[in-house]
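A short worksheet on the structure shown next.
The values are calculated or read from the model by the stated rules, or taken from the named source; none is laboratory data. Since the model is a prediction, treat every value here as computed from it, not as a measurement. Glycine also receives a Cβ, built like all others from the backbone with ideal geometry; neighbour counts cover every protein chain displayed. Quick note on the areas: whole protein, heavy atoms, side chains included, nothing else; ligands and nucleic acids left out. Shrake-Rupley method; radii C 1.70, N 1.55, O 1.52, S 1.80 Å.
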Amino acid sequence: QVQLVESGGGLVQPGGSLRLSCTASRNIFSSTAMGWYRQAPGKERELVASISTVNWNTNYADSVKGRFTISGDKAKNTVYLQMNNLKPDDTAVYYCNKKYPPQLNWGQGTQVTVSS
């Protein structure tokens with residue numbers, strides 16, 4: 001079973017930045033698209049950014065476009081999410097997983113809290 005481990009979350013003031021990391025326990029990035037998802041309290045999990053590990057094309061939800069950047073490092077089996085100009089609405093638990101089914105078991109996620 002592949003394990004996904006997210007890290008890098010924390011408490012940040014509005015306008016601040018964080019860089020999240022997601023590392024897989026083995027190489028799964030060779031021929032798939034990976035995504036960063038988030039789930040805020042009382043809301044459904046949503047896909048906020050994705051990247052193809054074949055051609056490195058990226059896609060973003062409108063709510064984060066221009067502020068978030070997804071990237072990957074195949075050699076490290078790691079996907080990153082650089083988050084800039086954070087807003088209180090970005091507060092959520094952030095997860096990574098495959099963009100398309102069948103998805104892997106979800107990791108524990110990393111909490112991002114944006115508050116003054």
Give region 106-116 a look and list any residue that's open to solvent by less than 30 Å² (accessible area, probe 1.4 Å) and within 14 Å of Glu6 (Cβ to Cβ), or say none.
Gly107, Gly109, Thr110, Val112
Here the qualifying pairs (Cβ atoms under 8 Å; residues six or more apart or on different chains; first in region 11-23 and on the phi > 0 side of the Ramachandran plot and charged (D, E, K, R); second part of a loop (DSSP other than H, G, I, E, B) and open to solvent by 50 Å² or more (accessible area, probe 1.4 Å)) come out as none
Checked pairs for region 86-105, first open to solvent by less than 10 Å² (accessible area, probe 1.4 Å), second basic (Lys, Arg), C-beta under 8 Å and 6 or more apart or across chains, list as Leu86/Arg67; Asp90/Arg38; Ala92/Arg38; Ala92/Lys43; Tyr94/Arg38
Within region 38-56, considering residues that are open to solvent by less than 60 Å² (accessible area, probe 1.4 Å) and farther than 14 Å from Thr69 by Cα, the one modelled with the lowest pLDDT
Thr53
Which number in (1) at pLDDT 90 or above; (2) more than 22 Å from Ser115 (Cα to Cα); (3) not hydroxyl-bearing (Ser, Thr, Tyr) marks the one condition that Val2 misses?
(1)
For Gly35, are the conditions met, namely being in contact (Cβ under 8 Å) with a residue 40 or more places away in the chain and open to solvent by less than 20 Å² (accessible area, probe 1.4 Å)?
yes
Could we say that Asn59 is open to solvent by less than 30 Å² (accessible area, probe 1.4 Å) and outside any loop (DSSP other than H, G, I, E, B) here?
no
Has region 75-84 got at least one residue that is free of Cβ contacts under 8 Å to residues at least 40 places away in the same chain, surrounded by fewer than 13 Cβ atoms within 10 Å (Cβ to Cβ) and outside any loop (DSSP other than H, G, I, E, B)?
yes
